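This report concerns only the one structure given below.
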Amino acid sequence: MNILWIKFIQSYLKLGFKFYYQKTSAVYLEKIPKDKAVLFLGNHQNALLDPLILTVKSNRINHFLTRAAVFKNLTVAKILNSLQMLPVYRMIDGVNTIQKNKPIFTFCTQLLRDKKSIVLFPEGSHSLRRKVRPLKKGAARIIEETLQNYPTTEIIIIPVGVNYQSPTKYGDSMSIYFGHHISPNNYWNGENLDILGLNKELSENLKTLTTHIKSSADYELSIKKLEKLKVDFTSPVGVNECLNNNFKYSGKKEQTSVIFLMISFLIKLFYFIPYLIWKKVAYPKIKEKEFIGTFRYSLIITLAPIHLILMTVLFSIVLGKNIGLIILVTGIFLPLITLRIK
């Protein structure tokens with residue numbers, strides 16, 4: 001039953017992305033195996049949207065390591081657990097909580113032994129800054145413990161680059177790059193894992209799969225130059241070449257049509273109640289900008305369908321079934337058409 005529930009959620013999320021993103025593309029540099037232990041290790045920009053889009057595009061039933069703070073609410077915790085999300089405690093959660101990671105990591109070793117897949121973001125936190133940050137040792141610790149306890153386990157690391165054009169905006173475009181496989185056995189001496197060496201190779205791979213601005217000192221200036229060039233951040237290879245070639249860019253340029261802006265206004269009018277809840281209730285409470293996309297997407301896939309059903313029923317009762325049908329069709333195709341013409 002749990003697998004059916006997860007499959008249903010994956011399908012619903014996939015449908016929801018069609019009403020939220022203009023484009024979602026996936027690039028696979030190697031085939032993702034379905035019968036081997038896999039660790040998907042990615043950069044982390046956009047809060048819960050990163051693992052959601054990753055699991056939809058990976059075509060695996062994944063377990064996720066998620067920061068423990070989002071499990072504080074019991075109802076939310078039950079929902080997250082049903083989706084195979086596991087809490088990970090960080091120093092920011094309190095020094096005494098770090099010990100709680102031990103049983104979680106041990107459970108992860110058993111998952112890998114059983115040829116399951118795990119999604120983990122080794123940067124340890126999310127950030128909208130377009131660079132790969134220093135990697136934590138959590139993923140490497142899980143691999144080390146797995147090989148110590150189950151030495152015959154074949155583990156595949158797949159580095160993942162998650163890329164957004166404008167991660168805080170509706171109608172954004174995104175891409176996900178599944179990189180070349182990394183074998184941790186190359187860093188295993190039979191007793192211990194060369195964690196630094198493994199993280200170095202992983203980091204170098206991630207820097208090719210997403211935009212990586214090396215200099216922290218010139219970061220803001222580099223972003224302004226890239227935005228002025230209207231680079232396509234969903235094509236990280238071209239953007240990184242631009243950074244390495246003194247901002248000479250020959251790739252596709254990002255454009256937003258006037259028609260999209262006009263019809264977007266009509267969407268706000270049609271879905272006025274969800275839009276008001278977003279602007280007046282949800283948005284003001286968001287403390288981290290990395291959660292803007294997550295909360296907006298959540299409202300779209302929950303409140304928007306309810307609003308559309310109620311509108312359809314109301315107009316059917318008051319003005320007849322034909323008008324109700326027109327409202328239903330308009331509510332479905334208006335956002336779909338708008339996103340396709342952006």
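A few points about this structure:
- Identity of the residue in region 173-189, of a type outside the set (A, V, I, L, M) and in contact with a strand residue (DSSP E or B) (Cβ under 6 Å, 6 or more places away or on another chain), that ends up surrounded by the fewest Cβ atoms within 10 Å (Cβ to Cβ): H181
- Residue in region 12-27 that is part of a helix (DSSP H, G or I), within 13 Å of the chain's Cα centre (by Cα), surrounded by fewer than 18 Cβ atoms within 10 Å (Cβ to Cβ) and not hydrophobic (A, V, I, L, M, F, W, C) present: yes
- Some residue of region 94-103 being buried (at least 19 other Cβ atoms within 10 Å of the Cβ), at pLDDT 90 or above, in a helix (DSSP H, G or I) and not aliphatic (A, V, I, L, M): no
- Among residues of region 301-318 that are touching a residue at least 24 places away in the same chain (Cβ under 8 Å), those with a Cβ under 9 angstrom from a residue that is aromatic (F, W, Y) and open to solvent by 70 Å² or more (accessible area, probe 1.4 Å), sequence gap 6+ or separate chain, pair up as I301/Y12; H307/F272.
- Within region 192-207, at least one residue is touching a residue at least 40 places away in the same chain (Cβ under 8 Å) and open to solvent by 40 Å² or more (accessible area, probe 1.4 Å).
- Scanning region 208-233 for residues that are assigned to a loop (DSSP other than H, G, I, E, B) and surrounded by fewer than 16 Cβ atoms within 10 Å (Cβ to Cβ) turns up K214, S215, S216, A217, D218, K230.
- Filtering region 267-301 to residues that are charged (D, E, K, R), under 26 Å from I341 (Cβ atoms) and buried (at least 18 other Cβ atoms within 10 Å of the Cβ) leaves only R296.
- Among (1) open to solvent by 20 Å² or more (accessible area, probe 1.4 Å); (2) modelled with pLDDT of 85 or more, the one test that A140 misses: (1)
- Pairs linking a residue in region 276-296 that is within 16 Å of M174 (Cβ to Cβ) to a residue that is open to solvent by less than 40 Å² (accessible area, probe 1.4 Å) and β-branched (V, I, T), with Cβ atoms under 7 Å and 6 or more positions apart or on different chains, are I292/I286.
- Contacts under 6 angstrom Cβ, first residue in region 24-35 being closer than 28 Å to P167 by Cβ and of a type in the set (D, E), partner open to solvent by less than 100 Å² (accessible area, probe 1.4 Å) and part of a loop (DSSP other than H, G, I, E, B), 6 or more apart: E30/H180; E30/H181
- Applying the condition of being in contact (Cβ under 8 Å) with a residue 60 or more places away in the chain, assigned to a loop (DSSP other than H, G, I, E, B) and open to solvent by 40 Å² or more (accessible area, probe 1.4 Å) to region 234-266 and asking which residue is farthest from L328 (Cα to Cα) yields S235.
The values are calculated or read from the model by the stated rules, or taken from the named source; none is laboratory data. Worth saying up front: this structure is predicted, and the values here are computed from it rather than measured. All Cβ positions, glycine included, derive from the backbone under ideal geometry; neighbour counts span all protein chains shown. To get the accessible areas, we keep the full protein, side chains included, count just its heavy atoms, and leave off ligands, DNA and RNA. Shrake-Rupley method; radii C 1.70, N 1.55, O 1.52, S 1.80 Å.
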